[in-house]
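Participant: Structure incoming, see below.
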Amino acid sequence: MEAALKKKSRSFSFLFYMIFLPLFVSVFLVIGALQILGYNVVGNAMRFATQNPVIRHTIGLPPLAQPVSVQMKQVRGQLSAVEQTVNHLNSQLSRANRALLVSQSLVASEKAKILSLEKQVATSQRSLATAKGAAAVYMNMSPNQAAQILQLQPFSQQVSILRSMDQATQASILSGMPPKLAAKLIQAGA
């Protein structure tokens, strides 16, 4: 068995010293000669090694970056997605702006109504104040005299003045008026 082991050891030594070592030295010398002559053999070998994914992984280099065309496709896809998002947001913004314009027009309309009602309230308050002042004057007169003067006023003023009086005074003044006018005033809420 020892003899077989020696024989294998001799055949390995023969292969190493007679074939592999001279071949390695020859390749090394040829590469050196080509480098001296201006051929970039080492650079090309390194470029090949760094472009090959298996060799890159074996020597511990990170994977290669994707080609520019692939990166451009990815960027275009991302750009398309962003454009769709922007278009969606723009449509939401335009809908919101339209809703805002409708709301603003409603607010303006309601403000106009409020101003109109405020004017009516102010007019009513002035009329009421005037009617109260006139009612005080009529209450100091005799009921017949007050009825004659009150008949000369416009109908709406007659109603306002009578509303400003207490019921007993209203009754005494209405008794001095023609029955049709008194009935009309009572029906109007005087």
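The values are calculated or read from the model by the stated rules, or taken from the named source; none is laboratory data. Everything numeric in this text was worked out from a predicted model, so none of it was measured. All Cβ positions, glycine included, derive from the backbone under ideal geometry; neighbour counts span all protein chains shown.
Participant: Is there a residue in segment 149-170 that is over 22 Å from L181 (Cβ atoms) and of a type in the set (D, E, K, R)?
Facilitator: Checked segment 149-170: no residue is over 22 Å from L181 (Cβ atoms) and of a type in the set (D, E, K, R).
Participant: Answer yes or no: is there a residue in segment 69-84 that is without any contact (Cβ under 8 Å) to a residue 24 or more places away in the chain and more than 36 Å from the chain's Cα centre (by Cα). Explain how you work it out, then say what you get.
Facilitator: Just the residues of segment 69-84 that are without any contact (Cβ under 8 Å) to a residue 24 or more places away in the chain, to begin with: 69-84.
Cutting the leftovers down to more than 36 Å from the chain's Cα centre (by Cα) gives us 69.
Yes, there is a match, as at least one residue in segment 69-84 is without any contact (Cβ under 8 Å) to a residue 24 or more places away in the chain and more than 36 Å from the chain's Cα centre (by Cα).
Participant: Within segment 35-91, how many residues turn out to be loosely packed, with under 10 Cβ neighbours inside 10 Å and in a loop (DSSP other than H, G, I, E, B)?
Facilitator: 7
Participant: Count, please, the residues in segment 138-154 that happen to be in a helix (DSSP H, G or I) and loosely packed, with under 12 Cβ neighbours inside 10 Å. Spell out the reasoning first.
Facilitator: So in segment 138-154, the residues in a helix (DSSP H, G or I) come out as 138-139, 143-150.
With loosely packed, with under 12 Cβ neighbours inside 10 Å added as a condition, the list becomes none.
Residues meeting the conditions: 0.
Participant: May I pose another question? When you look at L100, is it modelled with pLDDT of 90 or more and either of a type in the set (G, A, S) or farther than 30 Å from Q51 by Cα (or both), yes or no?
Facilitator: Details: modelled with pLDDT of 90 or more: yes; either of a type in the set (G, A, S) or farther than 30 Å from Q51 by Cα (or both): yes.
Here the answer is yes, as L100 does meet what is asked.
Participant: Now for a different question. Name the residue that is nearest to the chain's Cα centre (by Cα), counting only residues in segment 157-171 that are part of a helix (DSSP H, G or I) and either surrounded by fewer than 16 Cβ atoms within 10 Å (Cβ to Cβ) or modelled with pLDDT of 90 or more (or both). Before the answer, list the steps.
Facilitator: Keep residues of segment 157-171 that are part of a helix (DSSP H, G or I), which gives 157-163, 167-171.
Narrowing further to those that are either surrounded by fewer than 16 Cβ atoms within 10 Å (Cβ to Cβ) or modelled with pLDDT of 90 or more (or both): 157, 167-168, 171.
Working: Q157: 56, Q167: 63, A168: 66, A171: 67 Å.
Top of the filtered list is Q157.
Participant: Check segment 107-129 and report whether any residue there is more than 39 Å from the chain's Cα centre (by Cα), outside any helix (DSSP H, G or I), surrounded by 10 or more Cβ atoms within 10 Å (Cβ to Cβ) and assigned by the TED database to the domain that holds A168.
Facilitator: No - not one qualifying residue is present in segment 107-129.
Participant: Still on this model: Name every residue in segment 175-190 that is surrounded by fewer than 15 Cβ atoms within 10 Å (Cβ to Cβ) and outside any helix (DSSP H, G or I), in order of residue number.
Facilitator: Step one: filter segment 175-190 for residues surrounded by fewer than 15 Cβ atoms within 10 Å (Cβ to Cβ), giving 175, 178-180, 183, 186-189.
Of everything in segment 175-190, those that are surrounded by fewer than 15 Cβ atoms within 10 Å (Cβ to Cβ) and outside any helix (DSSP H, G or I) turn out to be P178, A188, G189.
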